[in-house]
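Novice: Take a look at this one; I'll ask things after.
What follows draws every value from the coordinates through simple rules; no lab data is involved. All values reported here derive from a predicted model rather than from experimental measurement. Cβ: placed from backbone, ideal geometry, glycine included. Neighbour counts: every protein chain shown.
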Amino acid sequence: MNLIERRLTTSPKVLPDVSQLGFGQHFSDHWFYSKYTKGKGWHESAIAPYGPIPLDPAASVLHYGQALFEGMKAFVQPNGKISLFRPDFNIRRMQMGAERLCLEPPPADLFIEGLEELIAVETRWVPKEDNCALYIRPTLIGTEPFLGVRPSREVLFYIILSPVGTYYSKGTAPVRIWVEDVALRAAPGGLGATKAAANYAAGLQAAVGAKDKGYDQVLWLDVEREGIEEVGTMNVFFVLKDEVVTPALNGSILAGCVRDSVIQILKHEGMKVSERRITIHELIEHQKSGNLLEAFGTGTAAVISPIGEIAYKGSPYYISKGETGSVSRSLLKTISEIQRGLAPDIFGWMRPVNPR
Ligand SMILES: Cc1ncc(COP(=O)(O)O)c(C=O)c1O
């Protein structure tokens with residue numbers, strides 16, 4: 001068991017109005033952090049008042065981009081207790097990403113103990129209302145002050161909490177997608193399969209461009225600008241008449257927790273799910289022939305985000321008449337009910353928060 005010091009705030013914040021939560025705009029009273037130094041190991045773990053991080057201007061994260069994060073959620077259960085959705089998935093993914101970025105991975109017990117203790121201190125920040133959750137942002141950065149490209153010998157692991165409502169301002173209405181055929185989010189052998197902060201910087205310009213053209217998100221293609229990879233910061237699924245297709249994890253796609261959950265649910269319901277390459281040309285053929293019934297993105301933030309339109313080289317292709325399809329609606333209901341403890345946890349995904 002890790003020693004976690006507790007320094008609690010003497011001036012707690014006023015809770016935000018739940019109807020105005022939005023996404024990632026409010027932060028709780030405290031954060032959890034733990035420091036790693038090569039040769040010394042993990043030390044100095046604490047729950048402390050939320051506030052600025054003292055960081056040397058030469059810190060490796062600021063120059064060489066050693067930054068990685070996770071996104072996960074906690075929910076209030078009908079008995080008033082708080083449960084996490086598949087935390088093992090996120091812990092494992094952060095550990096794999098840390099290896100790729102040459103950052104020291106936080107040990108699983110430190111991660112979960114720090115998180116559970118932080119949530120136990122912040123229970124009033126977990127919203128109870130429908131469509132709301134406590135969003136959890138574990139982060140790992142290189143903090144050693146030096147100039148020169150090599151892995152940082154000092155690392156900071158920390159967790160911040162944000163009560164959230166729906167991800168998109170228009171709620172779960174279908175989104176309009178621009179197929180990006182110039183910029184690339186990630187390439188084979190790169191960082192795409194990790195939640196490296198750099199991936200999000202790489203995607204910003206195209207995302208802004210899509211918004212300027214009136215679209216909500218970008219559909220990312222592979223290096224050949226043909227194979228479909230992801231949608232915005234979500235994995236993507238296409239419901240065809242005889243199968244549900246999601247791009248295979250090819251090394252440049254992030255293996256999403258909700259992606260994995262959707263595959264498990266659909267298979268459990270007896271549907272054929274294919275993890276395979278699907279090109280934009282194949283998708284357009286399916287749309288034209290009436291074989292494409294639905295498309296949706298999956299991710300922790302929005303859970304299921306129906307896609308109503310895809311624009312490729314300026315031509316719009318409508319899906320489900322621009323409305324939310326039945327598979328998207330049913331998946332959102334199934335996952336949300338499991339998360340809120342309103343349906344049996346048949347896949348064993350929920351982990352009650354057990355503070356020490
Ligand atoms: C690039 C990218 N792809 C996919 C996902 C979906 O992953 P998850 O379902 O684990 O949230 C995310 C968001 O977390 C993401 O940032």
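Novice: In debye, nearest 20: dipole of the chain around its Cα centre with unit charges on the Cβ of K, R (+) and D, E (-)?
Specialist: 280
Novice: State, as an integer percentage, the relative contact order of the chain based on alpha-carbon contacts under 8 Å between residues 6 or more apart. Mind dumping the intermediate values first?
Specialist: On the way: 740 pairs, mean separation 66.1, N = 356.
Taking the mean separation of contacting Cα pairs over the length of the chain, I get 19 percent.
Novice: Gaussian network model of the chain, Cα springs within a sub-10 Å range: biggest mean-square fluctuation belongs to which of GLY114, GLY190, GLY308?
Specialist: Maximum fluctuation in the GNM of the chain, among the listed residues, is at GLY190.
Novice: Compactness ratio of the chain: Cα Rg over 2.2 N^0.38 Å, N = residue count?
Specialist: 1.01
Novice: Can you give me the span-like helices of the chain, meaning DSSP H runs with 18 Å or more of Cα extent along the axis and Kyte-Doolittle mean at or above 1.0? List each step's numbers first, then the result.
Specialist: Details: long enough: 87-100 (20 Å, -1.19); 108-121 (20 Å, 1.19); 197-212 (23 Å, 0.26); 326-339 (20 Å, 0.11).
Flagged H segments are 108-121.
Novice: Using the Cα centre of the range 251-356 as the reference point, and only Cβ charges (+1 on K/R, -1 on D/E), how large is the resulting charge dipole? Debye, rounded to the nearest 20.
Specialist: Charge dipole of the range 251-356: 200 debye, to the nearest 20.
Novice: Find out how many positive minus negative residues lie around ARG259, taking Lys and Arg as positive, Asp and Glu as negative, among other residues whose Cβ is under 10 Å from that of ARG259.
Specialist: Taking every Cβ under 10 Å from that of ARG259, the sum is -3.
Novice: In a GNM of the chain with a 10 Å cut-off on Cα contacts, which of LEU110, LEU147, LEU21 has the highest mean-square fluctuation?
Specialist: Among LEU110, LEU147, LEU21, the largest mean-square fluctuation in the Gaussian network model of the chain belongs to LEU147.
Novice: Ok, one more. Given the range 20-90, report the % of alpha carbon pairs whose separation exceeds 18 Å.
Specialist: 66
Novice: On to the next question. Report the equivalent ellipsoid semi-axes for the range 234-274 in whole Å, largest first, defined as the square roots of five times the eigenvalues of the gyration tensor built from alpha carbon atoms.
Specialist: 18, 12, 7
Novice: Calculate the spin-label point distance for VAL182 paired with GLN25, positioning each point 7 Å from the Cα along the beta-carbon direction, and give it in nanometres.
Specialist: Those two pseudo-labels are separated by 3.2 nm.
Novice: Averaging the inverse of every distinct alpha carbon separation and then flipping it gives the Kirkwood radius. What is it for the range 65-116, in angstrom units?
Specialist: Across the range 65-116, the inverse of the average 1/r is 12.1 Å.
Novice: What are the residues whose amide H is under 5 Å from the amide H of MET72, where those residues sit 5 or more places off or on another chain and H is modelled from the backbone?
Specialist: Placed amide hydrogens put ILE136 under 5 Å from MET72.
Novice: Give the dimensionless ratio obtained when the Cα radius of gyration of the range 175-339 is divided by 2.2 N^0.38 Å.
Specialist: Its radius of gyration relative to the 2.2 N^0.38 Å reference: 0.96.
Novice: What are the semi-axes of the equivalent ellipsoid of the range 4-165, taken as the square roots of 5 times the eigenvalues of the Cα gyration tensor, listed largest first and rounded to whole Å?
Specialist: Square roots of five times the eigenvalues give 29, 16, 15 Å.
Novice: List ARG259, ARG351 from most exposed to least, where exposure is judged by having the fewest other Cβ atoms within 10 Å.
Specialist: ARG351, ARG259
Novice: Give me the base-10 log of I(q)/I(0) for the range 188-273 at each q in 0.11, 0.14, 0.18, 0.23 Å⁻¹, Debye formula, one uniform scatterer per Cα, rounded to two decimals.
Specialist: Each listed q maps to, in turn, -0.34, -0.55, -0.85, -1.19.
Novice: Quickly estimate the mean residue ellipticity at 222 nm for the chain, helices only: each DSSP H run with n ≥ 4 gives -39500 (n - 2.57), and the total goes over all residues, rounded to 500. Mind showing how you got there, number by number?
Specialist: Details: 7 runs with 85 residues, N = 356.
Result for the chain: -7500 deg cm²/dmol, rounded to the nearest 500.
Novice: Going by how many other beta carbons lie within 10 Å of each one, how would you line up GLU323, GLU230, GLU309, fewest first?
Specialist: By the 10 Å Cβ count, ascending, the order reads GLU323, GLU309, GLU230.
Novice: Applying a 10 Å radius around every beta-carbon, put 264-270, 286-292, 70-76, 102-108 in order of their mean neighbour count, most first. Don't skip to the answer; put the middle values down first.
Specialist: Details: 264-270: 13.4, 286-292: 15.1, 70-76: 21.7, 102-108: 19.3.
Listed from highest to lowest mean packing, they are 70-76, 102-108, 286-292, 264-270.
Novice: For the pairs LYS13/LYS81; LYS81/LYS321; LYS267/LYS321; LYS272/LYS333; LYS195/LYS267; LYS128/LYS213, flag any whose C-alpha to C-alpha distance is greater than 31 Å.
Specialist: Result: LYS81/LYS321; LYS128/LYS213 exceed 31 Å.
Novice: So, one more: Would you pull out the residues with amide H under 5 Å of TRP31's amide H, same chain only if 5 or more places away, H placed 1.01 Å from N?
Specialist: ALA48, TYR50
Novice: Would you mind counting up the charge near ILE319? Only other residues with Cβ under 15 Å from its Cβ, with Lys and Arg at +1 and Asp and Glu at -1.
Specialist: -1
Novice: Tell me the net charge near HIS286. Cut-off is 13 Å between Cβ atoms, HIS286 excluded, with +1 for each Lys or Arg and -1 for each Asp or Glu. Could you put the intermediate results ahead of the total?
Specialist: Working: positive: LYS241, LYS288; negative: ASP242, GLU243, GLU282, GLU285, GLU294.
Residues near HIS286 contribute -3 overall.
Novice: Let me ask you something else. Convex hull over the Cα atoms of the range 165-218, averaged projected area in nm²?
Specialist: 4.7
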